[in-house]
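What follows is a short report on a single structure.
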């Protein structure tokens, strides 16, 4: 093979390429297209369309990527594992919620945490906001009263749950408890649905 | 609404945590563009938790006399925020300004 044809792809490049392909595929999903359409204030979803979007988000997985662990808890034991510098996103987030912010109980599992976050979708008081981040990533924020059973809460629990869904990746990217809407500091052009 | 009483020990703990989170975000800045998109999202979309922590610290500082150690930590945090808020905002973090600046913005 001529030397000029040899292209070296390290694991990082491959990972990026796969992420781009996954993102492109997920952007084609109809519910994510409906979410994108909500950036236009003239477009309102029909109740059926909104239900399809909510059903889609209710099944969304938590982001599967590894992310940096909060520096203050690296090396600490969390649910029988020693936290490294990077962990799967759901572990990194849940460990922060339990060990640092202490708004979830010590023994809440990742499956339970995800169930708690997904449960907001069925809440009659659910509020939904569509917004673009500074680098034009599209999100839906879900805000609902915190109805997690008291035994599953930590000592610093708050009144509301905020869950962030990425319409670019089709995943839940985070979820935490807030005491009020002012904490969330959404971009000015966020649209509440 | 915070559901439990916020103590002096909470102030010590969360002031230290918030300073650490600001310092960590600033450490990321030089390599921000090389980070994976989803990792950047994990950082920026999780940041508003820290806005809640800041509000609790402010409420406590407004209604209690801080110890000498607490005053040092509180000043350190406010100093980092004043110097570096724009840097974090440029990275895409949605940073809640300090209460005095929020008041000014409204006025």
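Values in this text are rule-based calculations from the coordinates and carry no lab data. Keep in mind that this is a model prediction, so the values were computed, not measured. Every residue, glycine among them, receives a Cβ derived from its backbone with ideal geometry; neighbour counts consider all protein chains shown.
Some notes on this structure:
- The equivalent ellipsoid of segment A:61-149 has semi-axes of 25, 18, 10 Å, largest first, where each one is the square root of 5 times an eigenvalue of the Cα gyration tensor.
- Proxy reagent accessibility, fewest Cβ within 10 Å first, across A:128, A:136, A:33: A:136, A:33, A:128
- Here r is the Cβ-Cβ distance between residue A:55 and residue A:155 and R0 is 35 Å; the resulting FRET efficiency, rounded to 0.05, is 0.50.
- Calculated [θ] (222 nm, deg cm²/dmol) that DSSP helices of n ≥ 4 give over chain A, each run adding -39,500 (n - 2.57): -8500 deg cm²/dmol
- Taking a quarter of the surface of the Cα convex hull of segment B:1-63 gives a mean projected area of 5.0 nm².
- Remark on segment A:150-189: Rg and Dmax equal 12.5, 38 Å (Cα only).
- Rg(Cα)/(2.2 N^0.38 Å) for segment B:8-106, N = residue count: 1.11
- Using a Förster distance of 22 Å, the FRET efficiency for residue A:107-residue B:16 (Cβ separation, nearest 0.05): 0.30
- Three-way shape call for chain A based on the alpha-carbon gyration tensor, with the a/c threshold at 1.5: oblate
- 15 Å reach of a label modelled at residue B:59, 7 Å along Cα-to-Cβ, counting backbone N of segment A:144-170: A:155-161
- Spin-label pair residue B:67/residue B:33, simplified geometry with 7 Å Cα→Cβ offset, distance in nm: 4.5 nm
- Estimated distance in nm for a label pair at residue A:46 and residue A:64, the labels positioned 7 Å out from Cα along Cα-to-Cβ: 3.3 nm
- Separation of the residue A:18 and residue B:100 label points, Cα + 7 Å toward Cβ, nm: 5.1 nm
- Distance from segment A:131-168 to segment B:20-40 (C-alpha centre basis), Å: 22 Å
- Exposure proxy ranking, count of Cβ atoms within 10 Å, fewest first, for B:87, A:171: B:87, A:171
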